[in-house]
1. Quick one: Cα convex hull volume of the range 138-199, Å³ per residue?
2. Is the shape of the range 496-547 best called rounded, prolate or oblate, per the rule: a/c under 1.5 gives rounded, else a/b larger than b/c gives prolate, else oblate, with a ≥ b ≥ c the square roots of the Cα gyration tensor eigenvalues?
3. May I ask for the net charge around ILE268, where only other residues with Cβ less than 12 Å from the Cβ of ILE268 are counted and Lys, Arg are +1 while Asp, Glu are -1?
4. Helix 176-193 versus the longest principal axis of the chain: what angle, 0 to 90°, nearest 10, using Cα atoms?
5. Counting helices only, and only those DSSP H runs with n ≥ 4, report the 222 nm mean residue ellipticity of the chain as the sum of -39,500 (n - 2.57) divided by its residues, in deg cm²/dmol to the nearest 500.
6. Using only alpha carbon positions, build the gyration tensor of the range 53-108, then give the equivalent ellipsoid semi-axes as the square roots of 5 times its eigenvalues, largest first, whole angstrom.
7. Local charge sum around LEU188 (other residues, Cβ-Cβ under 13 Å, Lys/Arg +1, Asp/Glu -1)?
8. So in the range 435-554, what percent of DSSP beta bridges are antiparallel if you round to the nearest 5?
Amino acid sequence: MSHLPTSPIRPRARDESAGPTAGSDPSPGRTASPPDRIDRWADRFSVRVLPAATATLCILMLATWVPHYLGWPWWPDLDTFAASAICWEGGLSPYRDLAGYSFPGPIYLFYGIHAAVGAGTTWAIYAVDAAMVVGLVLMLSAWSRRRFDRWWPGLVGGAAVLAIYTDLNFSLVAQRDWQATCLVVLALLGPTTWPGRPGRVFSALAIAGALTFRPHVVLFGPALLIAVVEGERSRGADARPGAGAIEWGILTILLSILSFAPLILHEILDDLVRNLKLATYGSHYSRATPEGMIAEVVRQFVQPGWLVVPLSVALLAGTTRVAIRREAIIWLTTAACVLLYKPLHPRAHDYLDLPRWIVWSVLLALLAAILESIPWRSPRHRLVASIAVLATAVPSKPDFCNPRAAFTAIASAWGSESGGGIDRVPPGYVHHDPHYEVARYPWADYRRALEHLRDEVGPSTSVANLLGYQLAAAGATGHRPVFRNESGLLWKSQVGWEDGAFVEMLEAEANSVVIWAPGREGPEPGLISPVLVDCVRRLYEPDRRFGVIEVWRRAGDGGHRPR
């Protein structure tokens, strides 16, 4: 698969000023010894076996993750955006009728998913997310082949992305920051993968999409400009870097405006802008301080597992050919930009670390390209270095590459009894924070409650999520939420809303049910306050129980409204 590099086994005429070739001895008056059997084997392994083995490793990681990933539960963020899309489809406008400050990209995504497969279908967003992961791996491979004449460096980067992503539990996957960063990386790779206008158009489209997910992508502006200029310069005599950069900038602005056209046409863009004050610096939501921002930048930068890769690229890139040196400038600039991503966020969520590690994966691919291009005294040295890079990309089996769970998911999808049915716990239904992990509901209880809401409660009935552990409920089952704000009850701690606001919404929504776990605390003690408990007991009555989780219907409702 990989381009066949020059080696001692394949000598050729060379320019003496270019330095020693791999396997030669630079000392004057000495003759390089002929390669032995191990060198010949190492060269053959590096050129033929290692790229194929890396591609196989990527396929295995995907095959043991994707099937069961489609059955994972949603983290509340996904439920928020799905519910917002449902409300928008029903005539309620985001940002105006549903208070919120998140950018609209995820809502667009769910709007499209609902149009394609219907609301309340939880696997579809994970299928889209897995497709984004695969798309990034394929793009890295294409970039590597076109820029370095080799597949293997891009496959190393793809393996690193897969090893990182398939190690994430359900609270960290399919997040906006991953989706925005994926699009930014595609925008950075595009101009040098397809030099000229095709690459610039691809880059502008990707950035316009990324901006609908997170405004933070503007941090990557310097790296994007360098990538666009380099993509134009690589065209040779026909290059017009300045004109290409201007064209890209104008196209990016126009496409970005177009990406917000739905908000402009529905006259709710001003509502989004107005609501942003809820999450700005100094708000109840924000935890950011100047000292904390600086400390976070330093903490990220000095983390040895991350720092060694950009540092190695910076030290070695100058010894290689022009294409690699220029890519090093692009990606070292990107690394500097991404160090600001998490610190500048008003609240430091765990999933904000992912953009930095995605950029690290591309730098690792670049390091692999450098190691393949520099001269080595012996092919065995190159092989050892290559294996070390691959081991850095995939240091161990990711937690959620689970062959048994993947087989079970496939068997269940085909209707086999070996699938295990509703009670089999998805591997990703765990949390890295002990406070959240101990508060998790039994999977069978939670899943049966969702199935009840999806199958036995009509779509016109709204759902009030009063679970102490705020897992997905309304959007995941195809219902509108009673609480007309993104994140529901979590706004008590995030934005500072009082219980009274939620009581008013419960009282106003007559056609509604409540899902909750009475008496069971979640990871945020006191989230379900006595005021809310009294309100539910006053307005609703028990309907169904699923272990620790209960569904209550409005008092006097008379029963379910079946679909």
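1. 70
2. Oblate shape, in that a/c is at least 1.5 and b/c is the bigger or equal ratio.
3. Residues near ILE268 contribute -2 overall.
4. Around 30 degrees separate the two axes.
5. Details: 24 runs with 301 residues, N = 563.
Rounded to the nearest 500, it is -17000 deg cm²/dmol.
6. 35, 12, 9
7. So the environment of LEU188 carries a net charge of +1.
8. 60
Coordinate-derived values only; no laboratory data. Every value quoted in this text rests on a predicted model; they were computed, and no experiment measured them. Note that each Cβ is placed from the backbone with ideal geometry, even for glycine, and that neighbours are counted across all protein chains shown.
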